[in-house]
1. Net charge around A:SER260, counting only other residues with Cβ within less than 12 Å of its Cβ (Lys, Arg = +1; Asp, Glu = -1)?
2. Using only Cα atoms, find the angle between the long axis of helix B:2-12 and the longest principal axis of chain B, and express it within 0 to 90 degrees, rounded to the nearest 10.
3. Distances over 18 Å make up what percent of all Cα-Cα pairs in segment B:2-96?
4. Working from the pairwise distances between different alpha carbons, so that the mean of 1/r is found and then inverted, what is segment A:245-381's Kirkwood radius in Å?
5. Using only protein heavy atoms and a 1.4 Å probe, report how much of A:LYS55 is accessible, in Å² to the nearest 10.
6. With a 1.4 Å probe and every protein chain kept in, tell me what percent of the accessible surface of segment A:2-53 is carbon plus sulfur.
7. So, R0 is 51 Å and r is the distance between the beta-carbons of A:MET293 and B:ASP158; what FRET efficiency does that work out to, to 0.05?
8. Given the Cα atoms of chain A, and with Rh set as the inverse mean 1/r over their pairs in the Kirkwood sense, what is Rg to Rh to two decimals?
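The values are calculated or read from the model by the stated rules, or taken from the named source; none is laboratory data. Since the model is a prediction, treat every value here as computed from it, not as a measurement. Cβ sites come from the backbone with ideal geometry, for glycine too, and all protein chains shown count toward neighbours. Ligands, DNA and RNA are stripped out before the accessible areas are found, and what is left, the full protein with its side chains, is counted by its heavy atoms. Shrake-Rupley method; radii C 1.70, N 1.55, O 1.52, S 1.80 Å.
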Amino acid sequence: MISQDSDNKVSVCPNNHQNPEGSECCYVCGLPIIDYEAELELLLSQYADEEQHVKFLREKVFIGIGDQGCKLVNEFHQSWGKVLKSSEFLMIESSGESQQSTYSISRPPSNQEYKSPHLSLHLLPMSINRQVGYYGLGERLALDDPALDDRLLRLGIRASTTKQTVILLSALGGGTGSGASPHILLRVKALNPHSRNLVIAMMPAADEPDGAHFNAFCSLSRFIKTDRGPLADVLLLVDYDRLMKIRGVGTMGEELARESLLSHMVAALVGAITNGGSSEADPGYLAKMSSSMGVHAFTPCLAIGRSLEIFGGIENILESALSSPLAPVDKESVMLSYVLVQVPDRMASSLQEKTLRAELNKWNKANFPHLKGSVLQLSHSSSTSDRVDLCLLLGGTRLAITAKRAKDGFNRFKSVVGRKSWEQEFGVTSKNLLEMEKAIDSYDSKLDEMAS
Amino acid sequence: MNTNHDDITTDLEEEKLLAELKNVKLDNVGKGKLSLTDRRIEFEHRSSLLSPPRLEFSVDLGEVYSARVKDTSNTLVLEWLDENGERVVSTLNLPEGDAATSLCRALTKKLRILRQVAELQERRACYQSFLWKTAYHVWGIVGLLSQIVRDLRDEDWDTVDASINKARETAKVLTLECGIDITDQVHALADTVSTRDTALVLRSVVATIESIGTSLQNDLPPDAEWQEFALESQIGLTWLDMRYIFLFAGRRRLLSLWQESGETEKIEDSLPRLVTLLSILADRISMGSQLESSVGQDTSSIADSVESAAQNLETWLKINTGTA
């Protein structure tokens with residue numbers, strides 16, 4: 001807007017009248033004189049300032065896959081969604097199965113400074129009347145979904161988020177959970193190679209057909225090993241039958257069982273239960289450490305809402321947790337022990353981190369002779385009770401033990417199905433099956449090497 | 001506006017007689033007087049010496065679309081359209097001599113000048129259409145880009161995708177018809193949108209807005225066809241007005257974003273700027289704005305007046321581009 005001569009600078013009005021530089025209004029027509037360059041620069045900087053309103057950090061992303069996975073994420077979102085900032089929740093289901101689902105999906109409130117994490121549902125497209133009963137078919141369903149990457153990007157999974165933890169919840173007995181979950185995690189890793197991935201895998205119950213155990217074994221093998229390494233940094237195995245047997249006590253004194261107990265475990269993992277208190281819980285750190293150690297499969301052991309007055313000390317609570325592991329564990333082979341402890345603030349002085357660490361070390365030594373690493377993450381809640389939540393994650397036991405039922409089911413199922421029909425009926429080839437067995441064996445062998 | 005002004009000026013000037021010729025014979029009528037002024041050509045016929053003269057035709061030169069002189073027969077053939085739009089052909093036999101030649105020359109010259117003036121007026125009208133169209137699309141694209149910024153706040157990607165498709169179309173028109181080429185930026189923006197990275201998309205939106213703003217920085221329109229008109233002093237929109245429409249469009253949208261997030265300081269800083277831009281635009285376009293009396297009004301009333309003026313401006317842009 002300002003034209004410059006060598007000597008005299010002039011400002012031009014909207015009617016092209018020349019005025020001395022700095023004039024506010026034209027002396028001929030009276031119209032205001034605007035410095036266009038300056039106004040443009042200001043306008044652009046003000047648009048750029050909008051970044052403060054559109055920059056969203058998604059540090060934790062929760063994905064539930066398949067019917068059971070969706071239920072777990074839905075339950076978790078309802079219980080803890082409000083206290084988790086910088087998080088996002090997604091349920092992924094095959095379009096056929098979703099027709100029976102009754103998830104309550106909250107829409108994000110608009111015009112709000114802080115948006116609570118919202119829950120969304122993504123349907124993997126499938127033809128009507130088709131069944132996704134097997135791992136291979138579930139994987140194919142996810143593989144054929146052209147909108148999957150976009151859905152994950154919309155969740156905020158992208159390479160620019162360097163500190164991101166993806167927590168995937170899935171039951172591995174069904175086709176969608178077992179087959180789609182590894183592929184989805186593969187896409188997560190492709191979209192954000194920095195992301196740390198935790199899988200909470202519900203293993204099928206003993207009375208489920210061999211096909212369910214077959215699915216679980218196939219899925220585990222993919223989580224534990226792909227061409228580019230393991231998909232899951234931490235794989236928490238939860239045996240359905242064992243989960244049904246244990247109980248916990250919630251912050252309000254209510255009984256916790258089944259999905260709500262699992263939901264509580266996830267909340268402890270991500271530090272959601274503190275209710276305004278402080279938390280050291282960092283699932284990303286656990287994932288990082290597991291990756292660097294090469295130990296990925298863990299057995300969770302829970303002691304939720306244990307009264308300190310009744311149990312007498314942290315050692316007894318640890319024992320209580322260890323007495324009911326959610327998957328088989330061999331104490332001799334445990335190499336990594338992660339302990340997430342939540343104590344009420346009012347008891348912080350009697351249960352100081354230093355004391356807890358000392359007691360934990362002593363207990364670890366007595367129970368796990370081959371232990372190579374231990375992490376304690378302590379949180380304090382504003383609860384007025386004397387109840388302590390403890391979540392023990394034990395890694396290092398061979399999958400041949402931890403997932404024995406899945407392996408046995410896999411072997412039985414494999415033998416009864418004719419080889420020629422593998423690909424068409426179940427979406428896997430005999431070559432795939434060999435690779436799967438090899439993957440699990442290879443993981444177990446590495447653990448053996450580390451132990452020796 | 002320009003044409004009306006010219007007409008008024010012309011009406012005030014006295015009509016000048018350029019040539020007059022007697023003994024001209026109009027086919028099927030008879031002899032009479034042919035007069036040529038700087039505005040019209042007319043033929044008067046008198047059936048007898050005592051009878052009063054009768055005007056057979058009087059045609060505005062602007063209506064005459066053909067005047068052919070057949071030198072061999074000294075015949076002038078005039079063609080024009082009557083008030084019903086029907087073609088009228090009049091054949092006039094002129095008496096031999098210099099006077100007839102002189103009238104024919106004067107007529108031809110006058111018609112040529114009139115055609116040139118008409119062409120110029122038509123091109124001026126086209127230039128105005130070009131400016132209205134440019135203003136409309138600049139207004140539109142800034143609106144779309146700002147809407148994207150708004151939707152990024154909610155991460156409403158479906159709406160962002162829809163806006164991107166519209167922005168692509170508008171960018172195509174801006175490039176092809178207005179000489180403002182932002183297709184590369186809009187393509188890049190569309191690519192960025194597919195990453196679903198809000199911060200990256202915002203940066204790409206800002207780069208696109210910058211590109212539009214920079215295109216308007218030149219004092220002349222990018223298309224050489226319109227540059228001579230941009231230098232003329234004329235009534236109606238000017239090329240420089242595109243800047244003010246652009247700035248106003250952007251500021252108005254930012255104001256609405258800030259109102260939503262309650263950013264009072266930014267709103268208070270922005271309103272006087274919007275009022276200034278409006279005062280410039282109101283000089284060109286009637287926007288029914290009452291902002292001239294905005295001094296002493298509270299922030300909310302000024303903002304309401306700005307929004308009302310913006311809506312009127314948008315209506316004007318639509319009307320003048322035939323999209324209303």
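1. Net charge in that neighbourhood comes out at -1.
2. 40 degrees
3. Summing the P(r) of segment B:2-96 above 18 Å gives 52 percent of all pairs.
4. Value: 15.5 Å, from the Cα pair sum.
5. Approximately 130 Å² for this residue.
6. Taking all protein chains in place, segment A:2-53 shows 41 percent carbon and sulfur surface.
7. 0.75
8. Using Cα coordinates only, the ratio equals 1.15.
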